[in-house]
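Novice: Can you keep this structure in mind? I'll have questions shortly.
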Amino acid sequence: MEELATEKEAEESHRQDSVSLLTFILLLTLTILTIWLFKHRRVRFLHETGLAMIYGLIVGVILRYGTPATSGRDKSLSCTQEDRAFSTLLVNVSGKFFEYTLKGEISPGKLNSVEQNDMLRKVTFDPEVFFNILLPPIIFHAGYSLKKRHFFRNLGSILAYAFLGTAVSCFIIGNLMYGVVKLMKIVGQLSDKFYYTDCLFFGAIISATDPVTVLAIFNELHADVDLYALLFGESVLNDAVAIVLSSSIVAYQPAGLNTHAFDAAAFFKSVGIFLGIFSGSFTMGSVTGVVTALISFLTKFTKLHCFPLLETALFFLMSWSTFLLAEACGFTGVVAVLFCGITQAHYTYNNLSVESRSRTKQLFEVLHFLAENFIFSYMGLALFTFQKHVFSPIFIIGAFVAIFLGRAAHIYPLSFFLNLGRRHKIGWNFQHMMMFSGLRGAMAFALAIRDTASYARQMMFTTTLLIVFFTVWIIGGGTTPMLSWLNIRVGVEEPSEEDQNEHRWQYFRVGVDPDQDPPPNNDSFQVLQGDGPDSVGGNRTKQESAWIFRLWYSFDHNYLKPTLTHSGPPLTTTLPSWCGLLARCLTSPQVYDNQEPLREEDSDFILTEGDLTLTYGDSTVTANGSSGSHTASTSLEGGRRTKSSAEEMLERDLGMGDQKVSSRGTPLVFPLQENA
Amino acid sequence: MKIMQTQTEIMTFDPEIFFNVLLPPIIFHAGYSLKKKHFFQNLGSILTYAFLGTAISCIIIGLIVYGFVKAMIYVGQLKNGDFHFTDCLFFGSLMSATDPVTVLAIFHELHVDPDLYTLLFGESVFNDAVAIVLTYSISIYSPKENPNAFDTAAFFQSVGNFLGIFTGSFAMGSAYAVVTALLTKFTKLCEFPMLETGLFFLLSWSAFLSAEAAGLTGIVAVLFCGVTQAHYTYNNLSSDSKTRTKQLFEFMNFLAENVIFCYMGLALFTFQNHIFNAPFILGAFLAIFVARACNIYPLSFLLNLGRKQRIPWNFQHMMMFSGLRGAIAFALAIRNTESQPKQMMFTTTLLLVFFTVWVFGGGTTPMLTWLQIRVGVDLDENPKEEPSSHQEANNSDKSVTKAESARLFRMWYGFDHKYLKPILTHSGPPLTSTLPEWCGPLSRLLTSPQAYGEQLKEDDADCIVNQDELAMTFQEQTSIPCSPSPGPVVDQKASPQTPSKENIYEGDLGLGGYELKLEQTLGQSQMN
């Protein structure tokens, strides 16, 4: 009978699990339907994530106040034999053994407030779920969709914002918060310890910006692509920096008695940890990306691309194993996954078959969508169902002031410095917009919920939650007015009919994927070249990317691309002659066949780098003869054209593209005649 | 040693993972890819094999194993009182879930006769559902006094349980699918394929969860949800979402299936409480062959009495041969490994799965040639010639198909075509013409504007066409000059890349539209 009782208990618990999961799934369904309605009516003030949070809030209220509290069945036993907690415990209850698992430590004062309501207990997930299940697809998707020309053009600025900016913002927020905490201590609002490291930790977690809402609106309104690339790139890399930063702050443990004083050795150790984890995760991510590229490259010979399902599965498993491998090695899986995504997009993507490309894109798109909305609806729910909220008005107000100051102190000075080096300056209105788009999202929440054991952490969690709500609703809703107020170009012109024709034709020829800008083929190229002040364009791009980046581009173009993908010049021409044998066996046969850069899908963001025109020049426009640095750089008009098509790229990037191509394909069978 | 111990412990999953995470996508995918003309043609036979056949095989395996257990007790290999008759029946029911993935994959590649393919596939899919519910109702069979003697009341309670759970899960699954169909029909969600795919996925998943929450069997609900989704919702999706959903579930199915089979191999060594008992294993081997024979041959004989297009001997032998055991049997066996008989069953199941997958799976190709079963049949061949030869062949066709599908099924087809399809999808005749006068406003509300305009878009036309009484509708449709429908665009793009071997599998979800298009143009040219 005892056995039956436990079985029944297990069944009951399983049923409740199902119900709680069902709640979330139905919430997401509702969100999807409402979102459709909003998109259909072109309502822009509320993004899907904001909506998910509202629904989460409603359900949270219902759960909190609508369900009866079940009687507590917890019994506390004291055990003094051991001085540590066990992960699993076998308890002998009157002759029968039961297995219990560790949930976490409870501070003695809170013993009575252990959640008594079964339903509330069920809807509270283990925070590790966010890090291990929900965040990886979001981050991977972000990395995977970073394959954009404008991203690489602005790489220097993005990295500066992401690394320096996050560090600056972390320190400023941390210091301001420390001031607030001191103030609270004087006023007597603080009931427990709150150290400087805690403040820095808060600064680190709240530095992870996540402007999904703003980006979605930019996307829809076709806002300036450079701004888009800057914001998106910053937010993506930002997350990675913030994760590693927060974990290295946690790891900061001075040696002396006073565990919260400054200690140079411990500080440098923390910095070392930061660098170690970051570079470790980076290496791991890119290595797996490269391995996947190599596998899919080598299997070109074994015709893996005939089986898109296997290819997709391989891609997925390799990307996932990056995450697991990094976690197993003690690095940060999310960061590894991010860099894996970028590498996969840069190399592996070119080796995949057409079908696998759309499959992988769509797969990660769906995963990303579901995971993101799940997190946001959970946030809404957590405001009411989470038990240990500590609302402290002073701290919250201080935090609000701090994040705005932190954002300002990071954007304006950095932009000033970057503008010294950039030819194509970041305008004031862009800076204001970037300052304005400092939304906080999933990453800040996940970092905050990870550890809510101490009083300080609970207060941080509550504050983070409120900041996320506020920024997503208010700032997200204010994006459209802000854009028009700041006079930022929206609706950057659609390509003219002629251009579109050209594009289609190229896509059709390339037969691959419209999401990269089409590498100009001979005829369209000459048309482009004929007009426009070339020298201006050439200078501009030349100055824009720093020396080191140009070096990297040429290395990438000459060696990495040919080794890992089917595009680029054959290795036999780029490598010195003494490694001819190696070069020959690494170069794929396709490269020889179609050396003309038609196949070379990425060529055009390399093309914009002024000094690579050499390579480009020989391979395409041999008819043109000259290989001067400005011949091949796109003319002003060309630049605009590509720019304007970039929004299209964004959309196409996410799967819409293929359809368009196929539907347009037929009328464009012989565009050459038309052009002539 | 200690570390090794913990490592193996970590590598052992909670068995509930199979039921809650890995099996649902597999089963849903199976249901979702059942949308085949031949499936509906053979529905009667498939249901017979699945329900009656599984019951027969369960009882026979149970009896034979019980005999062996008795003998083992007599010999002294087993203690008396450990192994009850209900345990044997439990083993029988879990062993009845066939899963001929290997065989089906080979059929696929070789383009074996589509009727045989559908019979096997349909049987194996429904089989799983029946076996799961059967196992559950046997495990809760608990008579009042003597816990292992026969008790009529408890027996009928179990039967009632079986029926209740089965119909409940069925209703739950189809209800969710119907909701999805209605949602996708009446909203313009197809403008955003990603949202559509997300909705489809979430609602299918909630079918599983709500069935579990209601105490029913989630997997069965998911299966029927898949079948209904394929039948109705699929027609409402945008062409982009069609490929997306298909690919998503195909992908999940692929991963989940391989994880389960990998885990099976792992479990042979990492599982702690294996009990290898040679007589029992031998008995089980014998039992599953006898039971498969008792299931296929008599049922085929009975079915052949009613079918015009008989199931020939070589098909029956092939079906007998394809009684592989797979993921479901394993998952059911690992779910409960507490008592000694259950552990013995688990070990035996594992060995049976290995043996059948390797030996039978490997022997399929020789067996096919030995039994002289037609291979390399182009599945598209039949539907393609249909529209052109339809008028001539109509009469002879009529008699064949009429006899083939029983009255009940024809009634269902008529109902489905006239009422359900128009309500739930954009295809079919407008409701205003099929419903009686007095419900005019309602029918006008429910009919989508597209139904009046282009009946051509009916992707399913060809599985209904075959049913003679609806042949007229089809003729109407072919004679209407076809308007370009968005469906085939993507398919045309996809078709060159899809190797022809995958035709059957993919064919029904997506390439179907393409084929139909071909048919229509073919029919048109004939007209002109």
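The values are calculated or read from the model by the stated rules, or taken from the named source; none is laboratory data. Values in this document were obtained by computation on a predicted structure and should not be read as measured data. Cβ: placed from backbone, ideal geometry, glycine included. Neighbour counts: every protein chain shown. Ligands, DNA and RNA are excluded from the accessible area calculation, which covers all protein heavy atoms including side chains. Shrake-Rupley method; radii C 1.70, N 1.55, O 1.52, S 1.80 Å.
Novice: What single numbered condition from (1) in contact (Cβ under 8 Å) with a residue 12 or more places away in the chain; (2) within 21 Å of the chain's Cα centre (by Cα) fails to hold for A:L317?
Specialist: Tallying (1) in contact (Cβ under 8 Å) with a residue 12 or more places away in the chain; (2) within 21 Å of the chain's Cα centre (by Cα), A:L317 fails exactly one: (1).
Novice: Something else about it: Give the residues of the stretch A:410-431 that are surrounded by 17 or more Cβ atoms within 10 Å (Cβ to Cβ) and in contact (Cβ under 8 Å) with a residue 12 or more places away in the chain, sorted by residue number.
Specialist: Filtering the stretch A:410-431 for residues surrounded by 17 or more Cβ atoms within 10 Å (Cβ to Cβ) gives A:410-411, A:414-415, A:418, A:422, A:426-427, A:429-431.
Within the stretch A:410-431, A:H410, A:I411, A:L414, A:S415, A:L418, A:R422, A:I426, A:N429, A:F430, A:Q431 qualify.
Novice: Considering only residues that are within 13 Å of chain A (Cβ to nearest Cβ), of a type in the set (S, T, Y) and part of a helix (DSSP H, G or I), which ones fall in the stretch B:190-236?
Specialist: B:T197, B:S204, B:S206, B:S210
Novice: Within the stretch B:256-285, how many residues turn out to be over 22 Å from B:F19 (Cα atoms) and within 27 Å of the chain's Cα centre (by Cα)?
Specialist: Looking only at that region, the number is 2.
Novice: Scanning for something assigned to a helix (DSSP H, G or I), closer than 24 Å to B:E16 by Cα and either within 14 Å of chain A (Cβ to nearest Cβ) or at pLDDT below 85 (or both), does the stretch B:270-291 turn up at least one residue? Walk me through how you get there before you give the answer.
Specialist: Going through the stretch B:270-291, the residues assigned to a helix (DSSP H, G or I) turn out to be B:270, B:278-291.
After this cut, where a residue has to be closer than 24 Å to B:E16 by Cα as well, the list is B:270.
Subset that is either within 14 Å of chain A (Cβ to nearest Cβ) or at pLDDT below 85 (or both): B:270.
Yes; the residues of the stretch B:270-291 include at least one that is assigned to a helix (DSSP H, G or I), closer than 24 Å to B:E16 by Cα and either within 14 Å of chain A (Cβ to nearest Cβ) or at pLDDT below 85 (or both).
Novice: Identify all residues within the stretch B:240-255 that are more than 9 Å from chain A (Cβ to nearest Cβ) and over 18 Å from the mean Cα position of the chain (by Cα); write none if there are none.
Specialist: Taking the stretch B:240-255 as the starting set, the residues that turn out to be more than 9 Å from chain A (Cβ to nearest Cβ) are B:241-242, B:245-246, B:249, B:252-253.
Scanning the stretch B:240-255 gives B:S241, B:K242.
Novice: Here's a follow-up. Being away from chain B (no Cβ under 14 Å), open to solvent by 10 Å² or more (accessible area, probe 1.4 Å) and outside any helix (DSSP H, G or I), is that true of even one residue in the stretch A:280-287?
Specialist: no
Novice: Could you tell me which residue of the stretch B:97-145 is modelled with the lowest pLDDT, considering only residues that are under 15 Å from B:D87 (Cα atoms) and assigned to a loop (DSSP other than H, G, I, E, B)?
Specialist: B:P143
Novice: In the set B:A327, B:A333, B:A291, B:A287, which member is crowded, with 17+ Cβ neighbours inside 10 Å, within 21 Å of B:L47 (Cβ to Cβ) and aliphatic (A, V, I, L, M)? Can you show your working first?
Specialist: Values: B:A327 fails: within 21 Å of B:L47 (Cβ to Cβ); B:A333 fails: within 21 Å of B:L47 (Cβ to Cβ); B:A287 fails: within 21 Å of B:L47 (Cβ to Cβ).
None of the other options fit; the residue is B:A291.
Novice: For the stretch A:187-201, indicate whether the set of residues that are open to solvent by 20 Å² or more (accessible area, probe 1.4 Å), assigned to a loop (DSSP other than H, G, I, E, B) and either modelled with pLDDT of 85 or more or among the basic types (K, R) (or both) is non-empty.
Specialist: Within the stretch A:187-201, one or more residues are open to solvent by 20 Å² or more (accessible area, probe 1.4 Å), assigned to a loop (DSSP other than H, G, I, E, B) and either modelled with pLDDT of 85 or more or among the basic types (K, R) (or both).
Novice: I've got another one for you. Name the single residue that is farthest from the chain's Cα centre (by Cα) among those in the stretch B:49-80 being farther than 30 Å from B:V133 by Cβ and touching a residue at least 24 places away in the same chain (Cβ under 8 Å).
Specialist: Initially, the stretch B:49-80 is screened for residues farther than 30 Å from B:V133 by Cβ, giving B:71, B:73-77, B:79-80.
In the following step, the residues that additionally are touching a residue at least 24 places away in the same chain (Cβ under 8 Å) were identified as B:71, B:75, B:77.
Details: B:A71: 37, B:V75: 42, B:Q77: 40 Å.
Taking the candidates together, the pick is B:V75.
Novice: On to the next question. Yes or no: the stretch B:158-171 includes at least one residue that is of a type outside the set (D, E), free of Cβ contacts under 8 Å to residues at least 40 places away in the same chain and within 14 Å of chain A (Cβ to nearest Cβ).
Specialist: If we filter the stretch B:158-171 for residues that are of a type outside the set (D, E), which is where we start, we get B:158-171.
Then keep just the ones that are free of Cβ contacts under 8 Å to residues at least 40 places away in the same chain; that gives B:158-164, B:167, B:171.
Those still in the list that are within 14 Å of chain A (Cβ to nearest Cβ) too: none.
Checked against the condition, which is being of a type outside the set (D, E), free of Cβ contacts under 8 Å to residues at least 40 places away in the same chain and within 14 Å of chain A (Cβ to nearest Cβ), the stretch B:158-171 yields no hits at all.
Novice: Can you tell me which residue in the stretch B:179-198 is modelled with the lowest pLDDT, limited to those that are more than 23 Å from the chain's Cα centre (by Cα) and open to solvent by less than 30 Å² (accessible area, probe 1.4 Å)? Quick ask: steps written out before the conclusion?
Specialist: At the first step, the residues of the stretch B:179-198 found to be more than 23 Å from the chain's Cα centre (by Cα) are B:182-196, B:198.
With open to solvent by less than 30 Å² (accessible area, probe 1.4 Å) added as a condition, the list becomes B:184-185, B:187, B:189, B:193, B:195-196, B:198.
Values: B:T184: 85, B:K185: 82, B:T187: 79, B:L189: 74, B:P193: 84, B:L195: 86, B:E196: 87, B:G198: 89.
Checking each candidate, the answer is B:L189.
Novice: Please go through the stretch A:34-53 and give me each residue that is at the interface with chain B (Cβ under 7 Å from one of its Cβ atoms) and surrounded by fewer than 16 Cβ atoms within 10 Å (Cβ to Cβ), ordered by number.
Specialist: Applying the first criterion (at the interface with chain B (Cβ under 7 Å from one of its Cβ atoms)) to the stretch A:34-53 yields A:35-36, A:39-40.
Listed by number, the list holds a single entry, A:H40.
Novice: May I pose another question? Residues in the stretch A:343-360 that are crowded, with 24+ Cβ neighbours inside 10 Å, under 28 Å from A:V129 (Cβ atoms) and not hydroxyl-bearing (S, T, Y): how many?
Specialist: 2
Novice: Any residue at all in the stretch A:56-74 that's at pLDDT 75 or above and over 24 Å from A:Q387 (Cβ atoms)?
Specialist: No, the stretch A:56-74 has no match at all.
Novice: Kindly indicate the residue of the stretch A:305-327 that is within 14 Å of chain B (Cβ to nearest Cβ), of a type in the set (S, T, N, Q) and out of contact with any Lys or Arg (no Cβ under 6 Å at 6 or more places or on another chain) and also least open to solvent (accessible area, probe 1.4 Å) among those meeting that condition.
Specialist: A:S319
Novice: Can you find a residue that is farther than 27 Å from A:M433 by Cβ, polar (S, T, N, Q), in a helix (DSSP H, G or I) and without any contact (Cβ under 8 Å) to a residue 60 or more places away in the chain anywhere in the stretch A:243-262?
Specialist: Checked the stretch A:243-262: at least one residue is farther than 27 Å from A:M433 by Cβ, polar (S, T, N, Q), in a helix (DSSP H, G or I) and without any contact (Cβ under 8 Å) to a residue 60 or more places away in the chain.
Novice: If you scan the stretch A:328-372, which residues turn out to be in contact with a Gly (Cβ under 7 Å, 6 or more places away or on another chain) and within 14 Å of chain B (Cβ to nearest Cβ)?
Specialist: The answer is A:S358, A:K361, A:Q362, A:E365, A:V366, A:F369, A:L370.
Novice: Cβ-Cβ below 8 Å, separation at least six or inter-chain, first residue in the stretch B:174-187 and more than 13 Å from chain A (Cβ to nearest Cβ) and outside any helix (DSSP H, G or I), second open to solvent by 40 Å² or more (accessible area, probe 1.4 Å) and modelled with pLDDT of 90 or more: which pairs?
Specialist: Note: no pairs meet the criteria.
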